[in-house]
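Some notes on the structure that comes next.
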Amino acid sequence: MKLLEDRILKDGHALNESILKVDTFINHQVDPFLMQECAKDFAEHFKGRGITKIATIESSGIAPALLTSIEMGLPLVILKKQPSKVLNDNLYNTMVSSFTKGTNYELTLSKKVVDENDHVLIIDDFLANGEASSGAIRLFRMAHATVEGVGILIEKEFQPGRKKLGEEGIEVYSLARISSMSEGNIVFNS
Ligand code: G4P
């Protein structure tokens, strides 16, 4: 998506070969109008698939996911991160390892908001190693729901996220695909 790529080139900053800072329009401050255009693109791509719910992982996925849920007229499910294992009969939970941040956390899904009739579209800001999306897919599969696909704002193609999700039979649709980065330099696959 040219609009997002142009914004990444204008306001994003590649810290090194693997980390892209997009603090001023996605992570620490959100450009709602850019997110709305991204949401329209996701809605157009995934229309006609019988999707019943949009889902995301707190916190940076919430803005694009909420706008996608408005665009598609569907509820938004938020998967919550917990620092340690929570014993709660009302939650599905799974452990996620973040390679970027070097942390582990428990990802949870409320049993009240999903069932086997649901067809879910997962929206998130970054696809890096695919651990967060893969954890989200595990949770929806625990609920016997169907994951119809994953929509991503920024995919780092040089990391294994797409391959990992592909092996799980999941379609990934990304609006900006970065094939390589170095300090101050970003190359898109488009
Ligand atoms: P994965 O989910 O694809 O496996 O990625 P990983 O665990 O490596 O990423 C962990 C966190 O770091 C995620 O945010 C992800 O969005 C973010 N991240 C990954 N690569 C980049 C990057 O190049 N730039 C930025 N800005 N973020 C990146 P999170 O921990 O879920 O945080 P948040 O959603 O609360 O912001």
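The values are calculated or read from the model by the stated rules, or taken from the named source; none is laboratory data. What you are looking at is a predicted structure, and each value in this text was computed from that prediction instead of being measured. Surface areas here come from the heavy atoms of the whole protein model, side chains and all, with no ligands, DNA or RNA. Shrake-Rupley method; radii C 1.70, N 1.55, O 1.52, S 1.80 Å.
Out of the DSSP beta bridges found with both residues in the chain, what percent are antiparallel (nearest 5)?
Of the beta bridges lying entirely in the chain, close to 45 percent run antiparallel.
When the helices in the chain are scored as -39500 (n - 2.57) per DSSP H run of 4 or longer and the sum is shared across all residues, what 222 nm value do you end up with, to the nearest 500 deg cm²/dmol? Mind dumping the intermediate values first?
Numbers: 5 runs with 55 residues, N = 190.
Dividing the helical sum by the residues of the chain leaves -9000 deg cm²/dmol.
So for segment 97-156, what are the equivalent ellipsoid semi-axes in whole Å, largest first, each being the square root of 5 times an eigenvalue of the Cα gyration tensor?
Values: eigenvalues 94, 42, 12 Å².
Calculated on Cα positions only, the semi-axes equal 22, 14, 8 Å.
Plugging the Kirkwood radius over Cα pairs into Stokes-Einstein for the chain, at a temperature of 37 °C and a viscosity of 0.692 mPa s, what D comes out in µm²/s?
Numbers: Rh = 16.7 Å.
Rounded to a whole number, D works out at 196 µm²/s.
So what's the angle, to the nearest 10 degrees on a 0 to 90 scale, between helix 131-142 and the longest Cα principal axis of the chain?
20 degrees
Tell me the per residue accessible area of segment 32-178 using a 1.4 Å probe; a whole number in Å² is fine. Provide the component values of the computation, followed by the final result.
Working: 6580 Å² over 147 residues.
That works out to 45 Å² for each residue.
Please give the contour-minus-distance gain from M142 to S98: 0.36 nm per residue of separation, less the Cα-Cα distance, rounded to one decimal in nm. Don't skip to the answer; put the middle values down first.
Details: separation 44, 0.36 × 44 = 15.84 nm, distance 2.11 nm.
Stretched fully, the M142-S98 segment lengthens by 13.7 nm.
In segment 99-164, carbon and sulfur make up what percent of the accessible area (probe 1.4 Å)? If you can, show how the numbers build up before the last one.
Numbers: 1300 of 2650 Å².
Exposed carbon and sulfur together represent 49 percent of the surface.
Return the aspartates and glutamates within reach of K80: Cα separation strictly under 18 angstrom, same-chain partners fewer than 8 residues apart disregarded; answer none if there are no such residues.
In chain and number order, the partners are E58, D89, E106, D115, D124, D125, E131.
Any lysines with Cα under 25 Å of the K2 Cα? List them, leaving off those in the same chain fewer than 8 positions away.
List returned: K10, K21, K40, K47, K156, K163.
In degrees from 0 to 90, rounded to the nearest 10, what is the angle of the helix 2-11 Cα long axis to the longest principal axis of the chain?
With both axes taken from Cα atoms, the answer is about 70 degrees.
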